[in-house]
Amino acid sequence: MAAIAEDRLVELQGRLLGGYQLLQTLVGIRLRSVTDPESVRHLSWLSDVTAAMELIGRRMTAKGSLDFAGYLDDVAAFWSRACEGRPVRIDVRGQSTLLPDSHLLPLAIITHELISNACRHAFPDDRRGLIAVAFSRAVSGVSLVVRDSGIGAGALTPGEGLSLVQGLVEHLGGSMNIETAPGAGVGVRIRLPLQTTGTH
């Protein structure tokens with residue numbers, strides 16, 4: 001009976017991952033035919049979030065405990081492929097850390113969103129640069145820092161991206177600080193407790 005239940009779970013997990021892949025394919029098809037900048041922006045964001053959910057989903061369906069540092073390697077590889085042909089390097093340093101289930105998906109989306117913002121806005125006109133991601137245990141939780149060497153304050157545009165990140169950080173009872181100046185890059189520092197205080 002236990003073996004049947006486990007097989008059924010694996011089957012359902014496979015279908016879920018397949019659903020993420022199909023959604024990304026559908027969004028990609030729509031992007032090829034859409035020219036309105038606002039529509040392109042929204043569809044690109046949907047593609048990014050779906051990619052984050054698929055990457056963390058693969059880690060969550062694998063056997064054994066999920067180490068978030070492993071997910072960071074996956075997301076760095078994803079965005080390195082997305083930036084292929086551009087002089088942008090992504091460097092990830094993650095301390096081996098097991099997170100509660102409540103943190104996994106929100107933190108995956110947060111990380112994906114911050115790297116996406118840097119890739120898309122920090123290095124215009126084929127500017128050379130670095131995106132550095134650091135993840136570590138803090139005194140009472142975890143710390144995530146995403147910093148780029150791009151154009152700085154000019155890359156920060158009010159919109160869904162940072163608002164989404166801020167909302168997820170608040171949901172998890174954490175704090176977010178942004179450091180930037182013109183020509184000096186953008187650094188986003190997030191601290192999250194491992195006991196959530198956000199409301200559902």
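The values are calculated or read from the model by the stated rules, or taken from the named source; none is laboratory data. Worth saying up front: this structure is predicted, and the values here are computed from it rather than measured. Here Cβ is always computed from backbone atoms with ideal geometry, including for glycine, and neighbour counts include all displayed protein chains. These accessible areas exclude ligands, DNA and RNA; they are computed on the full protein's heavy atoms, side chains included. Shrake-Rupley method; radii C 1.70, N 1.55, O 1.52, S 1.80 Å.
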Task: Total residues in the stretch 178-200, condition at pLDDT 85 or above and either of a type in the set (Ser, Thr, Tyr) or open to solvent by 60 Å² or more (accessible area, probe 1.4 Å) (or both) - done: 5
- [ ] Could you please give the count of residues in the stretch 62-96 that are of a type in the set (Ser, Thr, Tyr), part of a loop (DSSP other than H, G, I, E, B) and crowded, with 17+ Cβ neighbours inside 10 Å?
- [x] 0
- [ ] Could you tell me which numbered condition residue 118 fails, if it satisfies all but one of (1) within 16 Å of the chain's Cα centre (by Cα); (2) more than 23 Å from residue 164 (Cβ to Cβ)?
- [x] (2)
TODO: Kindly establish whether residue 28 is over 13 Å from the mean Cα position of the chain (by Cα), open to solvent by less than 50 Å² (accessible area, probe 1.4 Å) and at pLDDT 75 or above.
DONE: yes
- [ ] Those residues that are among the hydroxyl-bearing types (Ser, Thr, Tyr), modelled with pLDDT of 90 or more and assigned to a loop (DSSP other than H, G, I, E, B), I need them from the stretch 122-177; list them, please.
- [x] 149
